[in-house]
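Read the structure below first, then the notes.
Every number here is computed from the coordinates shown, using simple stated rules; none is lab data. Please read these numbers as outputs of a predicted model, since none were measured by experiment. When we count neighbours, we look across all protein chains shown, and the Cβ atoms used for this are built from the backbone with ideal geometry, even at glycine.
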Amino acid sequence: MILRRIAAILFVPVMLAFGSGVYLYLGTLKSKVVQSRPLSPVVTKPKFVLPGTMFVVQEGRLFKLNAGSFTEIGPGGDWSQPTLTPDHTKLIAVLRSGWSSDLYLLGLDGHILKRLTKNDSRYIDYNHWAFYPRISPDGANVVYSFDSPKNLKGVQEGVDLSVWSMPLNGAQYQARRLTDPYWYTGGDVSPIPLAGGALLFVRHSIDPSTVVHSRIYYQSRALATAKPLTAEADDCSQAALSPDGTQLAMVCAHGKQTAALEIAPFTGTALGPARVLLEGGLYASPAWSPDGKALAYFAPQGQTGHFQLWWLPLPVTPTPSPTVAASPAASASARASSSVAPTPTPAPVQVTEGVDLTATSPPAWY
């Protein structure tokens with residue numbers, strides 16, 4: 001009996017040593033690359049020089065990319081989702097605190113010009129969140145997602161987001177709600193204000209099997225019945241309108257774990273057939289180049305899974321043969337056979353390396 005106790009006492013440290021050794025050995029098998037922290041953009045050199053000027057976010061910090069060089073702008077804080085005014089002279093960005101977030105008007109160098117909202121409160125239940133700011137085409141209003149009303153007809157409805165609008169040069173009490181979301185879904189996000197008060201936005205819904213879907217909607221005026229532009233099964237979101245307003249870029253999951261980057265013609269009230277540019281990846285936050293001939297987006301690269309910035313030139317739409325198109329007597333089948341096959345999408349070009357840009361903050365590019 002004594003020998004057994006002695007053996008047990010001697011065996012315990014052996015077990016601990018063995019377990020620790022195994023743990024340390026397995027630790028050596030971890031990829032050093034995966035463990036690496038992302039670099040600050042300012043110490044990196046882009047692999048490709050983009051035209052114009054772009055604003056991006058990493059770890060709550062704002063960066064300006066111009067002429068192949070990054071510069072950090074603005075004060076410290078948890079910043080996200082910068083967007084440009086139509087005249088490209090100012091930015092609006094989200095500053096998040098522990099229990100709320102607010103919209104700020106910034107100069108292009110990042111200095112604060114004005115705090116647009118005040119959503120913090122000493123009482124947690126009275127805090128609010130504001131996200132996804134966009135400026136109306138005339139520059140008069142800022143449109144954004146806001147978690148109000150929290151209480152509808154005396155029934156607590158959680159923190160679903162609705163789309164709101166407030167005068168850029170006004171006060172928060174002048175804000176008006178534009179959409180009526182499906183409750184308990186996350187609500188309405190990513191608004192794109194259109195001329196005349198119309199609106200594009202992403203609405204979330206839950207099907208009978210409790211699966212959450214996202215669809216892009218068009219709404220003609222405030223609180224009007226919204227019309228879906230994409231199918232529920234397509235799970236499309238992160239819409240971006242081209243500078244001329246004729247095309248919409250979007251990310252669609254189609255019920256998969258990966259996504260597709262797509263574009264579709266936009267008539268002003270409806271979408272045409274979508275064209276898949278890339279598929280089978282984790283694409284995020286597409287943004288149009290200033291000339292409308294390319295897209296920028298985020299996607300992970302390498303073993304770290306860190307999100308890098310990518311540039312994708314868009315294929316040129318082929319033109320049908322003019323001789324066939326000019327003949328009024330040509331049959332429908334002849335016109336169809338005369339159409340040229342779509343031009344293949346050019347290969348995407350990686351712009352950054354070693355950074356980890358915030359994939360939920362679309363680039364602001366002009």
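Here the Karplus curve 6.51 cos²θ - 1.76 cosθ + 1.60, taken at θ = phi - 60°, turns the phi angles of the stretch 37-43 into couplings of 7, x, 7, 5, x, 5, 9 Hz, with x standing for Gly and Pro.
Applying the criteria of a DSSP loop state and at most 13 other Cβ atoms within 10 Å to the chymotrypsin sites (Phe, Trp or Tyr not before Pro) of the stretch 80-157 yields Tyr123.
When peptides 55-66, 109-120 are sorted by average Cβ neighbour count within 10 Å, with the highest value leading, the order is 55-66, 109-120. Indicate the gyration tensor shape class of the stretch 76-234 (rounded, prolate or oblate), computed on the Cα atoms with a ≥ b ≥ c the square roots of the eigenvalues: a/c under 1.5 is rounded; otherwise a/b larger than b/c is prolate and the rest oblate. Cα axes put the stretch 76-234 in the oblate bin. Were the residues from Ala140 through Ala224 laid out at 0.36 nm apart, the gain over their Cα-Cα distance would be 28.1 nm.
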